[in-house]
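Just below is one structure, and these are the notes that go with it.
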Amino acid sequence: MRRFPRPTYSSIVATVALFIALGGAAYAATSLPRNSVGSVQLKAGAVTPEKLSASAEKSLEGERGPRGATGATGAVGATGATGAAGPTGATGATGSTGPAGSTGAQGATGAQGSAAELEVELEELIATQTKEIEELTASVTHLTNVDAALEGSISGVQGTVSTVRGELTDLEGEIDGALGQLSTIRDEVEGVQTDVSSHVSELEGSLETLGTKVTEHCGHLSEVITHANELTGGVSELTDALGEDLGGFLPKLPEDSQPVSC
């Protein structure tokens, strides 16, 4: 048979509080007569605007009162600090030339001189005007020559600029070609370095293998030499012994002979 868990103190208190709350609400709903709660039963501040319905709030609104008088004008505020001077504006473009002024009033006619004086004055005036015209002509000629010289200089400078541009273009092409050659040479050098490294590694391996073989052969050769030296000693002794019995029939080893070593 399954047993229910033993009730705790907190669960008992919560159950009792729930029954008390539900019992109070049920008593208020069933026992209190209609319209029996008035201002006497309500605590001060119990009814807030949020708890009123829209119709209740509207019934509490009265008519709008008259508009109040306009308030006095406030005191003028203190004058603010003067701002920093702005930057000087750019110089404006030169205005167009104004229209020519009107011709002045003709001067009074002078006293009539003699014909000879008039002729002299006229000749002097013609000479002065002729000289001014000659000077102006010379100035125009000089300015024309200067203009032609400037045009020649400008043409020469333009030609020089064109030549320099062409040379720069050719130089850029040569630089690109040189860079390409350098890249090719670099690749070739890297390839050669790789090949050399590979050959060096192979050669080191071969030398190591050859050294090992030489060491092995030297060991075998040392054994052979040792055996040969032993045989030489034995042959020498045998030769000495037989030489005495056979009357020097067998050859003898040289007296200065040395053992062989590796």
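The values are calculated or read from the model by the stated rules, or taken from the named source; none is laboratory data. Since the structure is predicted, the reported quantities are computational estimates derived from the model, not experimental observations. For neighbour counting, all protein chains shown are included, and Cβ atoms are generated from backbone atoms with ideal geometry for every residue, glycine included. Just so you know, the surface numbers come from the protein's heavy atoms only, side chains and all, with ligands and any DNA or RNA stripped out. Shrake-Rupley method; radii C 1.70, N 1.55, O 1.52, S 1.80 Å.
Residues in segment 219-233 include none that are under 39 Å from the mean Cα position of the chain (by Cα) and open to solvent by 100 Å² or more (accessible area, probe 1.4 Å). Of the candidates Glu204, Glu167, the single residue that is in a helix (DSSP H, G or I), modelled with pLDDT of 90 or more and out of contact with any strand residue (DSSP E or B) (no Cβ under 8 Å at 6 or more places or on another chain) is Glu167.
Taken over segment 152-192, the criterion of being open to solvent by 90 Å² or more (accessible area, probe 1.4 Å) and either of a type in the set (S, T, N, Q) or in contact with a helix residue (DSSP H, G or I) (Cβ under 6 Å, 6 or more places away or on another chain) (or both) is satisfied by Gln158, Gln181. Annotation note: Cβ proximity below 6 Å between a residue of segment 157-180 that is hydrophobic (A, V, I, L, M, F, W, C) and a residue that is surrounded by 10 or more Cβ atoms within 10 Å (Cβ to Cβ) and at pLDDT below 90 (sequence gap 6+ or interchain) occurs for no pair.
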